[in-house]
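Asks: I have a structure I would like to understand better, so I am pasting it below and will then ask my questions one at a time.
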């Protein structure tokens, strides 16, 4: 009996080993759903596209002993949607709940279900370090990894009598370091350096302080021109009076830069003060003209810098008067074939602006989300005093309860429709050195409350008061919160316009952090509430300052985008949001009150 049973079992096992399992295991994406950490400064970012959690620590937090209060995990089924994942079955490589973690290096966690995913938790921390001395030239150079601080100092100041004017290696009482009066003063050695010990959170770090004697001479960071202004930036020299002068090339007389043109306020978007530098903006200049700029450090004179102001460039169809209907087939569009789709240009030879209309109108002409409105139909369709008769209207809506479509208008072109997604190219190449100080336009808009949301590719109505997290970065949205109106202008050094594929979050970009953006004017109704309009039934003039990280760069691609639903990339927003735009203008000069004119 025992022998027979053994034979039966063996035969059953052999048969089972020959049976092919044609049902594949589902792919279950595993992620950090929430992370609560003490001592943060800002929101923790959970990026599911890169499997990275970024924890911004406050300056006073001990990065080597970070208190993790709680961490939770989630699972999303990517394939085999009939399978329901059980979050409780996720296997975690280590438990960080209620643990103190050394975050000086990234922490790695492996999550396993059917598949295995490795998440990286990384801490960021900005410490405001200061070391300035008498006779200093320019800003202090910090080598954080090497624990070195380097100061250029006037060579006519003695090395055995270096007076520290300000010192700070972190917030008290977390850090302990000498007061300014206790800092080393004698740097008269071969290395021209001294060391100090900085204590923080029970650990000590030795920092090397280095003095580099430098000839007293004005050192320009840049001298760069727009159409009506010249931006000047030079290293400050402690103990010396720095002044700039300018003149039209060929003129005999040097004109002193006015006192009010020098940067004095770190909050001035057109001319921000920077520690260690003297900055100024020369105003009221003629476009397309050569000028000379000179600087003085006491009696010592710099070399003459020659710059040419640029032309007064304005965007094509900036008054929104040119519109026409063409095919939504982008392959046929260059032929000028007529069709149901509204475009913000009157001929395909003059394409500059674009919208998302080609995608929407593939489902019907009524899905033109951006289109012209006429003064003849309603005088309120255009701003009072406008010289034109047409403005651009954009509205957001839910399309067949399948996708949320955001009304938009942008410089660029529509690429192609990919099912319910699309490729869109933001920006146009330009061959002019465009350097405006501000963007001004007329606008009338209303932000509805967010009532449509997309979570893990599932489109649904948003319940008022319910908290959602959209996209791989887990952006927090509360159902019923106001939609986000957004406008931004970018000047970049890109070689091509930026392609956004709505099916691939890796192609999304934030103009405030995108690489290659050196000139930016930005508004959204969340981060700049002071520009949010109160009366949605009235036209308003909005002026957005443009700031330059380096005005010497010549732009190659220009972007300008308007949308009444700023989360449109994530197919999230309000079907009640809308915006009118007209009389778009680039401004190139500032008045005596530091305002664009």
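Asks: Suppose we filter the range 198-223 for residues that are at pLDDT 95 or above and surrounded by 21 or more Cβ atoms within 10 Å (Cβ to Cβ); how many remain?
Replies: Residues meeting the conditions: 3.
Asks: Answer yes if at least one residue in the range 419-427 is in the same structural domain as residue 533 (by TED's automatic domain parsing), under 20 Å from residue 505 (Cβ atoms) and in contact with a helix residue (DSSP H, G or I) (Cβ under 7 Å, 6 or more places away or on another chain), and no otherwise.
Replies: Yes, the range 419-427 contains at least one residue that is in the same structural domain as residue 533 (by TED's automatic domain parsing), under 20 Å from residue 505 (Cβ atoms) and in contact with a helix residue (DSSP H, G or I) (Cβ under 7 Å, 6 or more places away or on another chain).
Asks: Would you mention how many residues in the range 257-313 are out of contact with any strand residue (DSSP E or B) (no Cβ under 9 Å at 6 or more places or on another chain), touching a residue at least 12 places away in the same chain (Cβ under 8 Å) and closer than 19 Å to residue 219 by Cα?
Replies: Qualifying residue count for the region: 1.
Asks: Filter the range 429-452 down to the residues that are surrounded by fewer than 20 Cβ atoms within 10 Å (Cβ to Cβ), part of a strand (DSSP E or B) and over 23 Å from the mean Cα position of the chain (by Cα) and list them by number.
Replies: Those that are surrounded by fewer than 20 Cβ atoms within 10 Å (Cβ to Cβ), part of a strand (DSSP E or B) and over 23 Å from the mean Cα position of the chain (by Cα): 446, 449.
Asks: Oh, and also: Looking only at the range 382-402, filter to residues that are out of contact with any helix residue (DSSP H, G or I) (no Cβ under 9 Å at 6 or more places or on another chain) and surrounded by 20 or more Cβ atoms within 10 Å (Cβ to Cβ); which one of those is nearest to residue 538 (Cα to Cα)?
Replies: Applying the filter and picking the extreme gives 383.
Asks: Regarding the range 87-98, can at least one residue be identified that is free of Cβ contacts under 8 Å to residues at least 12 places away in the same chain and in the same structural domain as residue 39 (by TED's automatic domain parsing)?
Replies: Yes, the range 87-98 has at least one match.
Asks: How do the strands (runs of 3 or more DSSP E) wholly within the range 453-566 filter down when requiring 2 or more residues that are farther than 17 Å from residue 404 by Cβ: which remain?
Replies: Counting at least 2 such residues, we get 486-492, 498-501, 517-524, 540-545, 557-563.
Asks: Need pairs with beta-carbon distance below 6 Å; first residue buried (at least 24 other Cβ atoms within 10 Å of the Cβ) and within the range 562-585, second part of a helix (DSSP H, G or I); sequence gap 6+ or separate chains.
Replies: Here the result reads none, with nothing in the range 562-585 linked to a residue that is part of a helix (DSSP H, G or I).
Asks: Further question: Look through 554, 532, 487 and report the one residue that is outside the structural domain of residue 49 (by TED's automatic domain parsing), buried (at least 17 other Cβ atoms within 10 Å of the Cβ) and on the phi < 0 side of the Ramachandran plot.
Replies: 487
Asks: Every residue in the range 154-176 that is outside any loop (DSSP other than H, G, I, E, B) and either surrounded by 14 or more Cβ atoms within 10 Å (Cβ to Cβ) or not assigned by TED's automatic domain parsing to the domain that holds residue 210 (or both), please.
Replies: 154, 164, 165, 167, 168, 175, listed by residue number.
Asks: Next question. Provide a single number: the residues in the range 132-148 that are under 16 Å from residue 184 (Cα atoms) and surrounded by fewer than 22 Cβ atoms within 10 Å (Cβ to Cβ).
Replies: 3
Asks: Any residue at all in the range 434-453 that is outside the structural domain of residue 34 (by TED's automatic domain parsing) and modelled with pLDDT under 90?
Replies: Scanning the range 434-453 turns up no residue that is outside the structural domain of residue 34 (by TED's automatic domain parsing) and modelled with pLDDT under 90.
Asks: Going residue by residue through the range 497-516, is there one that turns out to be at pLDDT 95 or above, in contact with a helix residue (DSSP H, G or I) (Cβ under 8 Å, 6 or more places away or on another chain), under 25 Å from residue 314 (Cα atoms) and surrounded by fewer than 17 Cβ atoms within 10 Å (Cβ to Cβ)?
Replies: Yes, the conditions are met somewhere in the range 497-516.
Asks: Would you say residue 397 is touching a residue at least 60 places away in the same chain (Cβ under 8 Å), assigned by TED's automatic domain parsing to the domain that holds residue 529 and out of contact with any strand residue (DSSP E or B) (no Cβ under 8 Å at 6 or more places or on another chain)?
Replies: no
Asks: Name the one entry in 340, 384 that is touching a residue at least 60 places away in the same chain (Cβ under 8 Å) and farther than 16 Å from residue 413 by Cβ.
Replies: Exactly one residue qualifies, and that residue is 384.
Asks: I'd like the full set of residues that are at pLDDT below 90 and either within 36 Å of the chain's Cα centre (by Cα) or within 20 Å of residue 213 (Cβ to Cβ) (or both), limited to the range 170-197.
Replies: 170, 171, 172, 173, 174, 175, 176, 177
Asks: Do you know which residues across the range 320-358 are crowded, with 24+ Cβ neighbours inside 10 Å, in a loop (DSSP other than H, G, I, E, B) and touching a helix residue (DSSP H, G or I) at 6+ places or on another chain (Cβ under 7 Å)?
Replies: 328, the sole residue that qualifies.
The values are calculated or read from the model by the stated rules, or taken from the named source; none is laboratory data. Predicted model, so just to flag it, every value in this text is computed and none were measured. Neighbour counts are summed over all protein chains in view; Cβ atoms, including those assigned to glycine, are modelled from backbone coordinates with ideal geometry.
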